[in-house]
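In what follows, a single structure is set out as structure tokens and then discussed.
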Amino acid sequence: METREDPRILLPTDAIIRLSATCICGSDLWPYRGVEAVRGPSPMGHEYVGVVQEVGSEVENIRPGQFVIGSFFASDNTCLICRAGYQTSCIQREPVGGLGAQAQYLRVPLADGTLVATPDTPSDDLIPDLLAASDMLGTGWFGAVAAEVGPGKTVAVVGDGAVGLLAVLAAKQLGAERIIAMSRYEPRQELAIHYGATDIVTERGDDGVARIKDVTDGVGAHSVIEAVGTQESMMTSIRSTRPGGHVGYVGVAHDVQLPGEELFLSHVHLHGGPAPVRRFLPDLIDLIWNRQIDPGKVFDLSLPLEQAAEGYKAMDERRAIMVLLNP
């Protein structure tokens, strides 16, 4: 860990926030493990909640003193792509991860479009829940929406990290009748059941597909949420979906290749990508504020920011689902 200069306003649309909490994301493990190349010291972290300290001269809706939540891409929330609900593909988008949210302070570009304020200053016990909304809850929610989860449907979730577990929560909230969580780890199975899973499948790959087919009368799930990003997880998802069903893929893809003929013959819909968390933030904040959901339970280890290296190690060794960092 290195000390950097405190961020400052660079553009009139910027805001500076003092972070109340940040965390280590499962996607942060890709560069940690060397799967993604890192050239020299790099700022890390893209999930954040905190208090606005300063705003640029053109910021109109966000003001100092507000408690705010943003997502991992800054967006203006006004361009035609944002208005269609895909803020992570905003014409002006800027990745927050390159600015480094695993810190005490963060410069947030396009503050009016990116940040959403809570109704008031939250109590301390709500901060983990609100932090979860910054990425993994919004990502799991998008996975469920992309998979066309709805009342009466059977849903399978491939992946038992924080995004997968919160996809279970989202599926439950969206009215799924049956939710199959794929997990081999008992603490994660227990949390999946807490969030609404009705079935646990411990097998992976072809065995996992066979098990899901077995519990769905041989046809597969209506909706499958892919929350890992590997070749195996993507093919497990496609093969576990019934003809005419939907896969919502939100795992950051690494070397995933789709076999054209199999996909053609499957009649499976695919939709996903970087979750437009900003689309869902107002509703997710409302659910959390009124204590209707508790996504912060995915944080099973809290550490001071200075011990971030231990947090990365704990997640890499699967000793923790998600690590909350206290700046």
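Order His46, His222, most accessible first, counting only protein heavy atoms with a 1.4 angstrom probe.
His222, His46
Stick to Cα atoms and the Kirkwood definition of Rh, then tell me Rg/Rh for region 136-291.
Rg/Rh: 0.95.
Among residues other than Arg204 whose Cβ falls under 10 Å from its Cβ, what is the net charge (Lys/Arg +1, Asp/Glu -1)?
Taking every Cβ under 10 Å from that of Arg204, the sum is -2.
Note down the Stokes-Einstein diffusion coefficient of region 50-177 in µm²/s, whole number, using a Kirkwood radius over alpha carbon pairs, 10 °C, and 1.306 mPa s.
Here the translational diffusion coefficient equals 99 µm²/s.
Using the Kirkwood radius built from alpha carbon pairs, what does the Stokes-Einstein equation give as D for region 185-226 at 37 °C and 0.692 mPa s, in µm² per second?
293
Where the accessible area of the chain is counted over protein heavy atoms with a 1.4 Å probe, how much of it, in %, is carbon and sulfur?
That share works out to 48 percent.
Calculate, in nm to one decimal, what Arg319 and Glu262 gain on full extension: separation in residues at 0.36 nm each, minus their alpha carbon distance.
On the way: separation 57, 0.36 × 57 = 20.52 nm, distance 3.68 nm.
Additional length available on full extension: 16.8 nm.
How many angstrom lie between the C-alpha centres of region 92-154 and region 188-256?
Taking the Cα centre of region 188-256 as reference, the centre of region 92-154 is 24 Å away.
How do Asp217, Asp207, Asp76 rank by accessible surface area computed with a 1.4 Å probe, from largest to smallest?
The residues order as Asp217, Asp207, Asp76, largest area first.
If you add up the charges near Arg107, with Lys and Arg at +1 and Asp and Glu at -1, over every other residue whose beta carbon is less than 15 angstrom from its beta carbon, what do you get?
Cβ neighbours under 15 Å give a net charge of -4.
Show log10 I(q)/I(0) for region 123-174 at q = 0.18, 0.22 Å⁻¹, two decimals, from a solvent-free Debye sum over equal Cα scatterers.
Debye intensities relative to I(0), on a log10 scale: -0.54, -0.74.
Quick one: net charge around Ile127, please, counting Lys, Arg +1 and Asp, Glu -1 for every other residue with C-beta under 14 Å from its C-beta.
Numbers: positive: Arg18, Arg291, Lys297; negative: Glu47, Asp120, Asp124, Asp125, Asp129, Asp294.
Result for the neighbourhood of Ile127: -3.
How long is the gain from Thr121 to Leu29 if the chain were fully straight, where each residue apart is worth 0.36 nm and the alpha carbon distance is subtracted? Intermediate results must be reported in sequence, preceding the final value.
On the way: separation 92, 0.36 × 92 = 33.12 nm, distance 3.16 nm.
Length gained, Thr121 through Leu29: 30.0 nm.
Could you check the simple spin-label distance between Arg39 and Gln104, using points 7 Å along Cα→Cβ, in nm with one decimal?
Result for the modelled spin labels: 3.1 nm.
Restricting the count to DSSP beta bridges whose residues both fall in the chain, what percent are antiparallel, rounded to a multiple of 5?
45
Given springs between every Cα pair under 10 Å in a Gaussian network model of the chain, which of Ala111, Ala132, Ala171 has the largest fluctuation?
Sorting by GNM fluctuation, first place goes to Ala111.
Over the residues of region 42-113, compute the C-alpha Rg and express it relative to 2.2 N^0.38 Å. Walk me through the numbers before you get to the answer.
Numbers: Rg = 12.1 Å, N = 72, 2.2 N^0.38 = 11.2 Å.
That works out to 1.08 for region 42-113.
Take the chain, compute every pairwise Cα distance, and split them into 20 Å bins from 0; I just need the percent in each bin.
34, 57, 9, 0
For the chain, with only Lys/Arg (+1) and Asp/Glu (-1) charged at the beta-carbon, what is the dipole magnitude about the Cα centre, in debye rounded to 20? Before the final figure, lay out the partial values.
Working: 26 positive and 42 negative charges, 64 e Å.
The dipole of the chain has a size of about 300 debye.
Testing the spin-label approximation: label points 7 Å from Cα along Cα→Cβ at Leu11 and His271. State their distance in nm.
2.9
The values are calculated or read from the model by the stated rules, or taken from the named source; none is laboratory data. Note that the coordinates shown come from a computational prediction; the quantities given were computed from them, not determined experimentally. Cβ atoms come from the backbone with ideal geometry, glycine included; neighbour counts cover every protein chain shown. Surface accessibility is based on the protein's heavy atoms, side chains included, excluding ligands, DNA and RNA. Shrake-Rupley method; radii C 1.70, N 1.55, O 1.52, S 1.80 Å.
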